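Beneath this line is the structure, given in structure tokens, with notes to follow.
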Amino acid sequence: MSAQPAPPPASASPSGPALTEVEAHGVERIPDADRTATPLDLFRLAFGGANTFSACVLGAFPILFGLSFWQGLAATVLGVLAGALILCPMAVFGPVNGTNNAVSSSAHLGVHGRVVGSFLSLLTAVAFFSLSVWSSGDALVGGAHRLFGLERNNLSYVVAYALFAALVLAVCVYGFRFMLFVNKIAVTSASVLFLLGAVAFAGDFDPSYAGVFTASADAATRSMFWPSFIGAALIVLSNPVSFGAFLGDWSRYIPAATPRRRVVGAAFLSQVATLLPFVFGLATASIVATEAPKYVDPAAPDFVGGLLAISPSWFFLPVCLLALIGGMSTGTTSLYGTGLDFSSVFPRLSRVQATLLVGVLSIAFIFVGRFGLDLVQSISTFATMIITCTTPWMVVMMLGFWTRRGWYDPDALQVFNRRQRGGRYWFAHGWNWRGMTAWWVSALIGVLFTNIPGQFVGPLGDLAHGVDISLPLSLATAAVLFLALLWLFPEPRAAYGPEGARLVRTVEVPVPPVTGPGTAADAPAPVPAGGAG
């Protein structure tokens, strides 16, 4: 049975629970009365989660790869726009089904196959939560060193990371509304600080920074331009794509009647707006490369250290504030969704318990990675591998939405969470092998063709003369293979709405009865075909 929300306290506003009330909802369908968020709220969360210091670090990679400022800007714009286009359709599942995207994926990967989305969201959350804590902690310690003479040693970093991670975890435990409150503040304040940074570095910035791919460079260097350009664009693209598994966590609070074009538009614009931190990172990295080149050595890059080295003294405090505010946004948006989803994979855990467990595990990874395994230098490889595996999953979801004409049975999506069996999305023992096959084959092809200069080259990564074609290849493979499998091996007609399938065939087979724990007595009706908008 779906969990019923606790009655609001006397201090709650008419529009929802009080800010400091711990969120009661897990991944069960959000009741209509509690769905009071708007597309603007989705914009704030998605933009706030990326309008951060960690985005600046990713924005510095084009310079680390040897590109000029203008070449880096082109790669950055390409990565942001391509990522935004790939990401934005993933926002519709939340309003339609009232649950997160991993649960919604049951319709296309099967009742059990939905764990793929949970696994991908866990990897993404650990990577970007770690990146936010590392970059923000380093900036705080570095700024405090320049301002107050704080000694930069392991103890300083341990304290900074622990306090910052604990603060993020506390916000995630309170839940959606507190996280939304934090991001409302972060969007405005971080944007102001970035604009203030533009003033701080305006006198030193030179857009003519040439990088290494100049006309006078030798042939071997020039031959690395396109691999470096595509690699830089992919790292930038990893940021918007990383939200694919999380958009439903926030958009599930948007009423189902909200026009879909507004929801999709909010998700798209939220990523276009991230050009602000990305370009800030790119521009300041070009200054660091000119004035303090040791900090952009590809063998041991230290963008945060370089930024502090070139900053005017009056900007040290804003850097610390930017690190704190921005890191809070990235950390909370990453960790909240994974804690939420983890509670659905292990229903014995409440959302709060699952959030605490994932948070503690992530914090442990942060310390091991930072002080034990030196994983900080491999974050770009990790980010690229994540998008290589996540984008085919997103393609399966989006094509499934299109072939189903946007029709879903929200109650059947909850079979796994209730530890039941059967229903419209049971397919073959809880697995839809069509979607699963399209995902793993495409992800494997993407990994095989990955080519990140100087970091990771897949077994087939050199077939395109060093250019990383993993993403377009995995996207195309997922789309063609999934549609082909749907046509050759039709899904049950019951998985589609009253208007039937679009483009693909279906077959009439009986729906397995739902058996096991839980009850569907109070289940909501299936979402009508087409929906709003």
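The values are calculated or read from the model by the stated rules, or taken from the named source; none is laboratory data. Everything quoted here is computed from the prediction, not taken from an experiment. All Cβ positions, glycine included, derive from the backbone under ideal geometry; neighbour counts span all protein chains shown. SASA here: full protein model, heavy atoms, side chains in, ligands and nucleic acids out. Shrake-Rupley method; radii C 1.70, N 1.55, O 1.52, S 1.80 Å.
Brief remarks on what is shown
- Residue within region 112-121 that is open to solvent by 50 Å² or more (accessible area, probe 1.4 Å) and either closer than 21 Å to S329 by Cβ or among the charged types (D, E, K, R) (or both) present: no
- Residue in region 453-489 that is farthest from Y425 (Cα to Cα), counting only those that are open to solvent by less than 30 Å² (accessible area, probe 1.4 Å) and without any contact (Cβ under 8 Å) to a residue 24 or more places away in the chain: A464
- Pick from region 216-235, criterion polar (S, T, N, Q) and part of a helix (DSSP H, G or I), ranking: most open to solvent (accessible area, probe 1.4 Å): T221
- Flag if A323 is surrounded by 20 or more Cβ atoms within 10 Å (Cβ to Cβ) and of a type in the set (A, V, I, L, M): yes
- Flag for G203 being touching a residue at least 40 places away in the same chain (Cβ under 8 Å) and not in a helix (DSSP H, G or I): no
- Every residue from region 69-89 that is β-branched (V, I, T) and either surrounded by 24 or more Cβ atoms within 10 Å (Cβ to Cβ) or over 15 Å from L399 (Cβ atoms) (or both): T76, V77, V80
One line per residue, one yes/no per condition, for (1) modelled with pLDDT of 85 or more; (2) within 15 Å of the chain's Cα centre (by Cα):
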position	(1), (2)
N97	yes, no
R114	yes, no
L123	no, yes
G142	no, no
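- Figure legend. Inter-residue proximity from region 502-524: first residues at pLDDT below 85, second residues hydroxyl-bearing (S, T, Y) and assigned to a loop (DSSP other than H, G, I, E, B), beta-carbon distance below 7 Å, spacing 6+ or different chains. Indicated pairs: D522/S2.
- The residues listed here are R146, R152, R114; of these, the one that is closer than 30 Å to S311 by Cα, of a type in the set (K, R), in contact with a helix residue (DSSP H, G or I) (Cβ under 9 Å, 6 or more places away or on another chain) and in contact (Cβ under 8 Å) with a residue 40 or more places away in the chain is R146.
- Of all residues in region 236-268, those satisfying the criterion of being farther than 17 Å from L475 by Cβ, assigned to a helix (DSSP H, G or I), of a type in the set (A, V, I, L, M, F, W, C) and within 15 Å of the chain's Cα centre (by Cα) are L247, W250, A267, F268.
- Some residue of region 52-74 being over 30 Å from D204 (Cβ atoms) and touching a residue at least 24 places away in the same chain (Cβ under 8 Å): no
- Condition met for V92 (at pLDDT 90 or above, open to solvent by 10 Å² or more (accessible area, probe 1.4 Å) and aliphatic (A, V, I, L, M)): yes
- Any chance G142 is assigned to a helix (DSSP H, G or I), of a type outside the set (A, V, I, L, M, F, W, C) and touching a Cys at 6+ places or on another chain (Cβ under 9 Å): yes
- Candidates S156, S208, filtered to the one that is in a loop (DSSP other than H, G, I, E, B), hydroxyl-bearing (S, T, Y) and surrounded by fewer than 20 Cβ atoms within 10 Å (Cβ to Cβ): S208
- Selection count, region 162-200, where residues are open to solvent by less than 50 Å² (accessible area, probe 1.4 Å) and in a helix (DSSP H, G or I): 24
- Here A46 passes the criteria (1) open to solvent by 10 Å² or more (accessible area, probe 1.4 Å); (2) at pLDDT below 95; (3) in contact with a Ser or Thr (Cβ under 9 Å, 6 or more places away or on another chain) except the one numbered (1).
- Qualifying residues in region 411-452 (those that are in a loop (DSSP other than H, G, I, E, B) and of a type in the set (D, E, K, R)) - the one most open to solvent (accessible area, probe 1.4 Å): R419
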